[in-house]
Amino acid sequence: MSLIHTLARMEAVESGRAQPLATVRHRHLAARPLVFVPLTTAGEAGAPLGALVGADRDRPRLLVVPQPRDRDLRFAFLADLAEELLPYVDSFADDTEPAERTETDPETGKRVKVETELCADAPQLIVPSRAGIEFVRLLGRSMRFRRTAEQDPDAPYPAPPRVPLLGRWLTHFAERARVPGSALVAAMTELLSRHWATGQSSLEDQHLGALLAWIDPPGEGSGDGSGTVSGDGSGEGESEGEGESEGESKAEGLGAAAALRAETARDAAGQLLCPPAGPATDPAFDNKLLAPAMERYDRARTAVAAAEDGPAADRHLAELAAAEREIAALVESRTRPTWDAVWRGLDLLAALPEGERAAERWTRDRWSYTGHRDRVLAGEPPQPRVDDAVTAANKLATRETAQARLEAQEALDDPLVMAGRRLSGEAFGGEVTEIVMAYTDSARPSPRPLVTLRTDDAPHLAERAKVHRSLAGKPQSAQFVGYDEEGGVVLRILDKMGRGKEPEEGSVPVKGDRIVWTLFEHAPRGGPSLPEPDDTPWTHGGPPGEGAEAPDPVTPEDVL
Amino acid sequence: MIPDPTRTHRADASFDPSVFGPSTFDRSTFDRSPFDRSAFDPSAEAARATAAILHDTLHGGARGVVVDSPPGAGKSTLVVNAALELAAAGRPLMVVAQTNAQVDDLVLRLAEKQPDLPVGRLHSSDADPYDKALDELEHVRKSAKAADLAGLDVVISTAAKWAHVKNVEPWRHAIVDEAYQMRSDALLAVAGLFERALFVGDPGQLDPFAIVGSEQWAGLSYDPSASAVSTLLAHNPSLPQHRLPVSWRLPASAAPLVSDAFYPYTRFRSGTDHGDRSLSFGVPSDGSGPDRVLDEAAASGWGLLELPARHTPRTDPEAVRAVAEVVRRLLDRGGATVSERSPDPAPLTADRIAVGTAHRDQAAAVRAALAEPAVTGVTVDTANRLQGREYDVTVVLHPLSGRPDATAFHLETGRLCVLASRHRQACIVVCRAGVAELLDEHPSTEPVQLGVTVKFPDGWEANHAVLSHLAEHRVPYRP
């Protein structure tokens, strides 16, 4: 945590309001994101209970599994989810632009440019919290190895047609989420806590309701009205019980009090006023509301199956439909506040101007989307359960480069972030006080001007350290020479001055310029290329085995 | 209960700690003379271990040989000797080191030992890619292209540079130095360049790390963020493993503690005995805390300057000033050292002193504090950068000093091990009181990953072992 971050948190505690951590938005927001608010069943990993999903904030689609332990109902849910998600994902596939990509020529082994296409835009999946991304990964893992009746006529429990494909896409989304700075999938809590600091712990920041309460407290006219999250008909109990502390909070800090209320306030029936963002549900909801409703549903189903005549069956069917509606209403009551909160968060983020270099990172997301689209079209098998040695090493290298790039780009895009780097000695800014022209000793001398900078920062400059500045968006580097008598930093500029003996116009600072130099590179390069998986060396177990992986075997637990 | 290093030179890497129950150490071993010369001759033991390693490397059938080396056990000497022997046997050799400084150091050592050996220094295409001292050496060829160095007996470079070398005839042999600090993915990038290799390193120092999460591969034999040796041994469990049994750097006062705290199952001894080395001062103590801790350290090899308990920022101004004060008094009091290298007292100069910290900003703060009384020439750096270095006296700012919490970073065994094992004479630790209580309040809570070998001892245990020993050399100090 940088000093700026710590300061912002302390100011948030003092003022009771979240404090900005950024002056620009560091993640790209798609014009048409898809919001996915899933709920899971307590005690059974990967058994969805329901979800709100959609790209239209006013018309989310509610999907419910009235009895999550019934695998047929679960498959029906997944089939419905595929029906919502896949058309959205596919809708970006056909709008492409020409692009170039470097590939290794299989014959010559040289790196060559290849003409290819890049999707002009990409889908963006927004989930409420980090746990939501984990749930996306789990859903993907549970689906991508399933076989449909068409793929395998002998499969004992064939999956609905598009379910395995959805599994592959969700796996791709979840894997992409591990790349620093990517925006193909985003958790709203992480987006918000990147841009605002609250006065609560980072653990508490994972509660979307509490986090939003710090940033945009309800009842200040800043929210759009949906800010007052309320459970089912509990508005009155709330105002009665909380009247006093509301008055107090005006003095102490509206956000802090609202956050506490979002986390802990319950209605007369003991239900949370602001349901957790999920996918896990509140135990009080599970025990007092959901379990009895499911029991009624199960009873009605048994009665329908046991009905002896037509009228009795009709009666029980009506009961069943009512029970199903009841569960659907319960699920909606617990997902709708989160759904509204996610959209409110999107509004807050959209109000920030996008950072200059966020678009470059979004382009990488578009490449990621295009790449997976191509793999699906080419009929490649689903992603393996476990990465092989080369794939794992490549992924780690990609992510480390992405992390370094993200840190550099955020600092360059945002003076507030740069301030944190300056305070930690990784960058320094100041006024140019002197320029002395100097040249290399070679036969064709090149310019190596010496620049003196007066700075109040305390950079950790090692002997002959390399520093960088942004010159019209391109990095220019210099070498630390030493300090002058008055403590000014003397730098020797090394590049971006053209080919001639005299530096090009504007490529060397002039006296009075205010410049920020960084000790970190602006565009970190990736590492060397690794061997192909088939050339995995003996130290790493040799080449991996052949062939695609078999689908998951059916275990007794699958048919409980 | 503790394996006797005189019995065998084999490091038992497949050692199962659970067999030995909880790792409680016999504290009395600290007070015992590290060895009895009649039973244990350090030179002979070290020579025997080296001979066995060279035999396996030159004549063994395995594709790899792994050598564990405790701090200051002659690892560099072994690498140089193995390189010369392989070159003499006519086997083209590539050497993989981790940093440019290590590569240049190895080239200089090779040239010193055998000036006419044709050595290639493969370097990057950056400015100032290698130590200028290499230009003086007649038989060392330097190039940024591997092809220019083809045919030379020995070619040396960093792992990062080797990873860019493609489409060449594989070398018959390689030496991988500091292999425990090399990441598995770095070995993956270079392993195709050689047929067989000698892997040398210190398992007790800092583990390699990744700047992004790598939990998804935890437990895989080829976890790219793990150390090169753990991947190598997971796939080739039958490779011969050796251990260097004698630390020539650590004095008799330090080897038992470092061995017990950080290498409890692969113990080593010091090459010198009590009385072989000494540290004394020309100027008597003025009775201040820093002077008293210097006298304690001169007498016993260890000193703990304990400041009152307090939660502080990382660059705790009082602790930083105390470190600077200790360093200044070390120089002002005219320290003199006696060791097996020189029977006459040698003056303790600034270049023989190092200050070790956990964080870079702490090192910067100490440097700034040292600049005030104009102390120059003292090395001040983080544990990561002090790895592999050696000094007469070290002053350490304890990683947990003044902290409200004990994170995995600050608890890492290797960090404390590096800081506590750089000295030939004495080590002085500057710390706030209350670290033992802090440790007890923060038991290790890292999630257990399936398939990951649990590292013993853990940072918690090692920290307690070092603290309880330091407590015997405690000098309370109120600045």
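Please report, in cubic angstrom per residue, the volume enclosed by the convex hull of the alpha-carbon atoms of chain A. If you can, show how the numbers build up before the last one.
On the way: hull volume 116.0 nm³, N = 560.
Once divided by residue count, the hull of chain A is 207 Å³.
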| field | Part-to-part distance (alpha-carbon centres) for segment A:384-417 and segment B:421-479, which is given in Å | value | 33 Å
| query | Per 5 Å bin, what percent of the C-alpha pairs of segment B:386-479 does each bin hold, from zero upward? | reply | 2, 12, 23, 24, 18, 12, 6, 2, 1, 0
| message | I'd like the Karplus ³J(HN,Hα) series for segment B:313-325: coefficients 6.51, -1.76, 1.60, θ = phi - 60°, whole numbers in Hz, and an x wherever there's a Gly or Pro. | response | x, 4, 8, 2, x, 5, 5, 4, 5, 4, 4, 4, 4
| query | For segment A:299-316, what does the Karplus curve 6.51 cos²θ - 1.76 cosθ + 1.60, with θ = phi - 60°, yield as ³J(HN,Hα) per residue in whole Hz, taken in order and with x for Gly and Pro? | reply | 4, 5, 5, 4, 5, 4, 5, 8, 4, 9, 10, x, x, 5, 4, 4, 4, 5
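Given Cα pairs under 8 Å that are at least 6 residues apart, what percent is the relative contact order of segment A:411-518? All intermediate terms of the calculation are to be shown ahead of the outcome.
Details: 215 pairs, mean separation 32.9, N = 108.
Relative contact order for segment A:411-518 comes out at 30 percent.
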| query | Can you give the charge dipole size of the protein assembly as shown about its Cα centre, rounded to the nearest 20 debye, using +1 on the beta carbon of Lys and Arg and -1 on the beta carbon of Asp and Glu? | reply | 2540 debye
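Evaluate the Kirkwood expression for the hydrodynamic radius of chain B, namely the inverse of the mean inverse distance over all pairs of different C-alpha atoms, and round to one decimal in Å.
On the way: mean 1/r = 0.0428 Å⁻¹.
After inverting the mean inverse Cα-Cα distance, the result is 23.4 Å.
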| remark: Listed by chain and number, the residues whose amide H is under 5 Å from that of B:Trp171, excluding neighbours fewer than 5 places away on the same chain and using placed H, are B:Phe194, B:Glu195
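What number results when the radius of gyration of the protein assembly as shown, computed over Cα atoms, is divided by 2.2 N^0.38 Å?
Numbers: Rg = 32.6 Å, N = 1039, 2.2 N^0.38 = 30.8 Å.
Taking the Cα Rg and dividing by 2.2 N^0.38 Å, one obtains 1.06.
Output the relative contact order of chain A, whole-number percent, from Cα pairs under 8 angstrom with separation of 6+ residues.
Working: 963 pairs, mean separation 90.3, N = 560.
Rounded, it is 16 percent for chain A.
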| remark: The set of residues whose placed amide H lies less than 5 Å from the amide H of B:Gly120, leaving out same-chain residues fewer than 5 positions away, is B:Arg141, B:Val154, B:Val155, B:Ile156
| request: Mind listing the long-range amide H neighbours of A:Glu354? Cut-off is under 5 Å, sequence gap 5 or more, other chains count too, H placed in the peptide plane at 1.01 Å from N. | output: A:Arg25
| DSSP loop GluC sites (Glu not before Pro) in segment B:336-417 with at most 12 other Cβ atoms within 10 Å of their Cβ, which ones? | B:Glu340
| request: Can you figure out the FRET efficiency of A:Thr116 with A:Leu203, using R₀ = 41 Å and their beta-carbon distance, to the nearest 0.05? | output: 0.40
| Two-decimal log10 I(q)/I(0) for segment A:411-518, as the Debye equation yields it once each C-alpha is a single scatterer, q = 0.09, 0.14, 0.15, 0.22 Å⁻¹ | -0.22, -0.53, -0.61, -1.26
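So, with +1 on the Cβ of K and R and -1 on the Cβ of D and E, and no other charges, what is the size of the charge dipole of chain A about its Cα centre, to the nearest 20 debye?
Roughly 1460 debye, rounded to the nearest 20.
Restricting to Cα pairs below 8 Å that are 6+ residues apart, what does the relative contact order work out to for chain B? Please round to a whole percent. Walk me through the intermediate numbers first.
Numbers: 922 pairs, mean separation 82.0, N = 479.
RCO, chain B: 17 percent.
Note the direction-averaged projected area, equal to a quarter of the hull surface, for the Cα convex hull of segment B:197-294, in nm².
Details: hull surface 42.6 nm².
In nm², the orientation-averaged hull projection of segment B:197-294 is 10.7.
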| query | How many percent of the alpha carbon pairs in segment A:5-105 exceed a separation of 22 Å? | reply | 59 percent
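Go through A:Lys110/A:Lys496; A:Lys110/A:Lys501; A:Lys113/A:Lys395; A:Lys110/A:Lys474; B:Lys113/B:Lys142 and tell me which ones have a Cα-Cα distance over 24 Å in this structure.
Values: A:Lys110/A:Lys496 28 Å; A:Lys110/A:Lys501 35 Å; A:Lys113/A:Lys395 22 Å; A:Lys110/A:Lys474 28 Å; B:Lys113/B:Lys142 19 Å.
In this structure, A:Lys110/A:Lys496; A:Lys110/A:Lys501; A:Lys110/A:Lys474 exceed 24 Å between Cα atoms.
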| request: Compute the separation of the alpha-carbon centres of segment A:26-43 and segment B:117-165 and state it in Å as a whole number. | output: 52 Å
| Of the GluC sites (Glu not before Pro) in segment A:476-560, those whose Cβ has at most 11 other Cβ within 10 Å and which sit in DSSP loop | A:Glu485, A:Glu486, A:Glu505, A:Glu546
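Nearest 0.05, what FRET efficiency do A:Ala443 and A:Arg499 give at R0 = 22 Å with Cβ-Cβ as r?
Numbers: r = 14 Å, r/R0 = 0.66.
About 0.95, to the nearest 0.05.
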| task | For an R0 of 56 angstrom, estimate the FRET efficiency from the Cβ-Cβ distance between B:Glu215 and A:Ala318 and round to the nearest 0.05. | result | 0.65
| message | Suppose we keep just the alpha-carbon trace of segment B:255-311; what are its Rg and Dmax in angstrom? | response | 15.1, 43
| task | With a bin width of 5 angstrom, please list the P(r) values of segment B:224-273 as percents of all Cα-Cα pairs, from the 0 bin to the one holding the largest distance. | result | 5, 19, 19, 15, 15, 15, 9, 3, 0
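Please give the peptides B:83-92, A:157-166 ranked by average Cβ packing (other Cβ atoms within 10 Å per residue), highest first, as a rough proxy for protection. Walk me through the intermediate numbers first.
Working: B:83-92: 17.0, A:157-166: 19.1.
Those peptides, ordered most packed to least, come out A:157-166, B:83-92.
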| request: Treat each spin label as a single point 7 Å out from the Cα along the C-beta direction, and report the B:Glu340 to B:Arg478 distance in nm. | output: 4.5 nm
| task | Subtracting the Cα-Cα distance from 0.36 nm times the residue separation, let me have the gained length for B:Asp351 to B:Arg63 in nm, one decimal. | result | 99.6 nm
| Phi to ³J(HN,Hα) by Karplus 6.51 cos²θ - 1.76 cosθ + 1.60 over segment B:126-131, Hz, x for Gly, Pro | 6, 6, 6, x, 8, 5
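For a quick check of your reading of the filter: which GluC sites (Glu not before Pro) in segment A:266-372 sit in a DSSP loop and have no more than 12 other Cβ atoms within 10 Å? Please report the intermediate quantities before stating the final value.
On the way: sites: A:Glu295, A:Glu308, A:Glu319, A:Glu324, A:Glu326, A:Glu332, A:Glu354, A:Glu356, A:Glu360; in loops: A:Glu308, A:Glu356.
Sites meeting the loop and neighbour criteria: A:Glu308.
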| Can you pull the semi-axes for segment A:283-347, root of five times each eigenvalue of the Cα gyration tensor, sorted largest first, whole Å? | 33, 13, 6
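Every number in this text was worked out from the coordinates using simple rules, so none of it is lab data. Just so you know, these numbers come straight off a predicted model, no measurement behind them. When we count neighbours, we look across all protein chains shown, and the Cβ atoms used for this are built from the backbone with ideal geometry, even at glycine.
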